[in-house]
1. Below 8 Å, C-alpha to C-alpha, sequence gap of six or more: please give me the relative contact order for the chain in percent.
2. Net charge around H82, counting only other residues with Cβ within less than 9 Å of its Cβ (Lys, Arg = +1; Asp, Glu = -1)?
3. Name the most mobile residue of A135, A98, A24, meaning the one with the largest mean-square fluctuation, in a Gaussian network model of the chain with Cα contacts below 10 Å.
4. Which loop-located trypsin sites (Lys or Arg not before Pro) does region 1-108 contain, where loop means any DSSP state but H, G, I, E or B and the Cβ has at most 15 other Cβ atoms within 10 Å?
5. With equal scatterers on the alpha carbons only and no solvent term, can you work out the Debye log10 of I(q)/I(0) for the chain at 0.12 1/Å?
6. Starting from the Cα gyration tensor of region 66-146, take the square roots of the eigenvalues, sort them a ≥ b ≥ c, and report rounded, prolate or oblate (rounded when a/c is under 1.5, otherwise prolate if a/b is larger than b/c, else oblate).
7. Whose amide H sits under 5 Å from the amide H of V6, counting only residues 5 or more places off or on another chain, with H placed in the peptide plane?
8. Just read off the accessible area of D150 with the full protein assembly in place, 1.4 Å probe, to the nearest 10 Å².
Amino acid sequence: MSKTLVLTDPHLFHQLVSELRGFATIEEHNAWFVDVFCSHVTKRDTTFWLGDLTVGGGKATESALSLVETLPGRKVFIAGNHDVEVNPHSGKAVNRIARWSRAFDLVASQYTERINGRYVNYSHFPYTPNEHDFARDGSGDRFAPYRIPDTGR
């Protein structure tokens, strides 16, 4: 029997997040992530990754994608605020989507599916912004274009 699992903000190969999560090194954090992932996910399972694979940047992103390729299961990636190079709202995505598609079965900005008669929305961004989402220059919600509207479904 297959399962669907959801994870968010793995921030692989990210020094600050590794430290904030109590790991001495990036390698320890990544090893812990792989261990937990592989203890819950089989090749028949589907995982939804809700953004922030890493903090971005060439070497960290390439290392994270290479690691993801080794993990079991079907993998769906929903871009977050740190995934600018692959977010469909970004002009950069056209240059990088092929690489990300080798690691993930689907890469998107959002995804909706029906489970047991109910709609489930997958997104990195909540329906409503919080105080950290507003631009310092007063121009409003920086992530408004990425939010799924709350239709009550």
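The values are calculated or read from the model by the stated rules, or taken from the named source; none is laboratory data. Remember, it's a predicted structure, so these values are computed and weren't measured experimentally. Here the Cβ is made from the backbone with ideal geometry for all residues, glycine too, and neighbour counts use every protein chain on show. We work out accessible area using only protein heavy atoms, side chains counted, and drop any ligands, DNA or RNA first. Shrake-Rupley method; radii C 1.70, N 1.55, O 1.52, S 1.80 Å.
1. In percent, rounded to a whole number, it is 19.
2. So the surrounding residues net to -3.
3. Of A135, A98, A24, the Gaussian network model singles out A135 as fluctuating most.
4. Answer by residue number: K3, R21, K43, R44, K92.
5. For the chain at q = 0.12 Å⁻¹, log10 I(q)/I(0) is -0.54.
6. oblate
7. F48
8. 100 Å²
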